[in-house]
Each structure stands twice: as structure tokens, then as C-alpha cells.
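Report on the following structure.
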Amino acid sequence: MAGRFITLEGGEGVGKTTNKAFIEQWLAGHDIPYLATREPGGTPYAEKIRTLLLDHQTEAVDGMAELLLIFAARAQHLARVIRPALEQGVWVLCDRFTDATYAYQGGGRGLDMGQIAHLETLVQGSLRPDLTLILDIEPTLGMARANQRGELDRFEVEQMSFFERVRNTYLELARLTPARYQVIDASQSLGQVQQHIAAALEPLLP
Ligand code: T5A
């Protein structure tokens, strides 16, 4: 049986990294073979593209160049890591995936959603996550949390209006396809957030 594909999404500082560790514990506790990975990145080659994407650059980066790099990294990640794992029955937990591209490049940068959808089909075929957890928080609160962690990357230095558009795009994606998404209020205590995450995961159990 194919593994299940779970993605974690949300704006900056919503707690994806923190809750990814919780989901890993949950999967291990249910004896589910799993692989935890992230985007952009997930393979040595794709991680090099991640570095390029997140590092501050001396020249302005064209939105289309950024978009194509993200999908180039994703193609590598899918071919080398995600598809082989799912085919072997291993569950894949991925910190960000294509919903982040809709939210950041589409919503945030204002790139054409139709072009993103075209690239999604080109790179993924019909593969979509089985479950996408969107950790939702007011961008000001998320950025306050992100700021505590130290130096900000090339995305984190954007204006607050950028992060508002990112958030609204995530919420719109969830509204359009409610069966695949669970929106979780990430301003709650970590314990409450994790209760909601566990409840969202339960229906995936065999
Ligand atoms: N990107 C990515 C695109 O533009 N397009 C794409 O297609 C893709 C895939 C890197 C960047 O790439 C962009 C978007 C991103 O800007 P990333 O590494 O996932 O992606 O970047 P971040 O969102 O910055 O992820 P982080 O790991 O930096 O933040 P997290 O994981 O959301 O937050 P986390 O877990 O580190 O928590 C932040 C702080 O808050 C606390 C934690 O302890 C921590 O200190 N915290 C809480 N505090 C109180 N209550 C809670 N409920 C808390 N949850 C966490």
C-alpha cells in the first residue's frame, strides 16, 4: 500500500518545525514507517537550491526565476525522495510543499496562479498531499516568534502586507478544497495546537 503524504504549511514562525517533531513522535508511536523532509530542499542538490533561494542576494531576484528554482528543487525532491518513499509504503511528512508556492509566489509576489498550477501539473503529475495542515496565525505574531530565532532570511524581510497575502492565500486554498486541508489556530498553546494536529491525523490511520 502506498504511503500517505502529509504536508505542513503556514506563514513565518507559525511553529512548523516545532510541530513537525510532534508529528514524527506521533507516527513513531503508531509504528508507521515515515520519512520527514522539507522544501525547498530535501536532497543535497535541492538543498543547494534552497541556499540560493533563502540567501540575501546582491541583485534583485526576478519572481519567475525564483518560481522556476522552487519547482526545479521540487522535481529533484520528488524524483529522489518523495515518490520512492511513497511507493515503498513509507509515509512522507514534508515541511512546506506546493501550497507554499501558491501562497508566497502567487499570493505574496503576485505571480500568475495559472502558471503555478501549470508547473504543479508538469512537475507532480497528479500527485497531491493526502493531508495538508495549515498552521494559521496573525502575521505580526508569527514574525515576532520568527524574530526571536535570530537572523531573518530573504523571505522573512518582506513587508507585513506580503505576509497578509500569504496568509489569505493559504486560507483561500483551504476554503476551495476543504477535504484536503485542516486549518489550525497556531496562536493557541503548543499543547492545544498538538491536540488539533493529532485529531487531524487520526483519520489517516489504516
Ligand atoms: N518558500 C518555500 C516559498 O517562498 N515558496 C515555496 O514553494 C516554499 C516551499 C523557507 C522559506 O521558503 C519560502 C517560505 C519561507 O519563507 P521555512 O524554512 O519553512 O521556509 O521557513 P520558515 O517559515 O521561516 O520556518 P521556520 O522553521 O523558520 O519557522 P516555523 O517552523 O514555522 O516556526 P518554529 O517551529 O521554528 O517556531 C518559531 C518559534 O515559535 C515558538 C517556537 O518555540 C519557536 O521559538 N512556538 C510557539 N510559541 C508559543 N506557542 C506556540 N503554539 C508555538 N509554536 C511555536
message: Could you order the peptides 110-122, 34-46, 83-95 from most to least packed, using the average number of other C-beta atoms within 10 Å per residue?
response: 34-46, 83-95, 110-122
- request: With a ≥ b ≥ c taken as the square roots of the eigenvalues of the C-alpha gyration tensor of segment 1-126, please select rounded if a/c is under 1.5 and otherwise prolate if a/b is larger than b/c or oblate if it is not?
  value: prolate
query: Using only helices, what value at 222 nm comes out for the chain when you add -39,500 (n - 2.57) per DSSP H run of length 4 or more and divide by the total residues, to the nearest 500 deg cm²/dmol?
result: -14500 deg cm²/dmol
query: Once you list every other residue whose beta carbon is under 14 Å from the beta carbon of residue 195, what net charge do they have if Lys and Arg are +1 and Asp and Glu are -1?
result: -2
statement: By the C-alpha gyration tensor axes a ≥ b ≥ c (rounded if a/c is under 1.5, else prolate when a/b exceeds b/c, else oblate), the shape of segment 60-173 is prolate
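Read the figures in this text as sums done on the coordinates, not as results from a lab. Computed from a predicted model, the values in this text were never measured in an experiment. Note: ideal-geometry Cβ built from the backbone for every residue, glycine included; neighbour counts use all protein chains shown.
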